[in-house]
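Step one of this worksheet: look at the structure below.
The values are calculated or read from the model by the stated rules, or taken from the named source; none is laboratory data. Given the structure is predicted, the values throughout are model-derived calculations rather than measurements. Backbone-built Cβ (ideal geometry, glycine too); neighbour counts: all protein chains shown.
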Amino acid sequence: MFTEQIEPIDILTESRLPLQERVVDKLADMLFASDMILDMLSTERELAPEYVAAVEVAVKNVYDQVNELMARLTD
């Protein structure tokens, strides 16, 4: 079994980072979470197809908007 070693987040160090870096980091977290949700929905589609379809559209919109914003902030 794979166990990932996660280092604790130093809040003081993080707060010293430039605002743009902190925002991009949180947006990356949102992209990762959105991608995970889309993956969960695709594997459970047959259990609740109407629910999955409705949620999938909303999460995909969030993913696309966050992705676009990240692209603008990092260019």
I'd like to know if the range 12-21 contains one or more residues that are more than 16 Å from the chain's Cα centre (by Cα) and touching a residue at least 40 places away in the same chain (Cβ under 8 Å). yes
Identity of the residue in the range 26-48, modelled with pLDDT of 90 or more and not hydrophobic (A, V, I, L, M, F, W, C), that ends up surrounded by the most Cβ atoms within 10 Å (Cβ to Cβ): Ser34
Qualifying residue in the range 13-25 (condition: modelled with pLDDT under 90 and among the β-branched types (Val, Ile, Thr)): yes
Filtering the range 11-38 down to residues that are among the basic types (Lys, Arg) and out of contact with any helix residue (DSSP H, G or I) (no Cβ under 8 Å at 6 or more places or on another chain), which residue is farthest from Asn61 (Cα to Cα)? Arg16
Select from the range 39-53 the residues that are touching a helix residue (DSSP H, G or I) at 6+ places or on another chain (Cβ under 7 Å) and hydrophobic (A, V, I, L, M, F, W, C) and write down the one among them that is farthest from Tyr63 (Cα to Cα). Val52
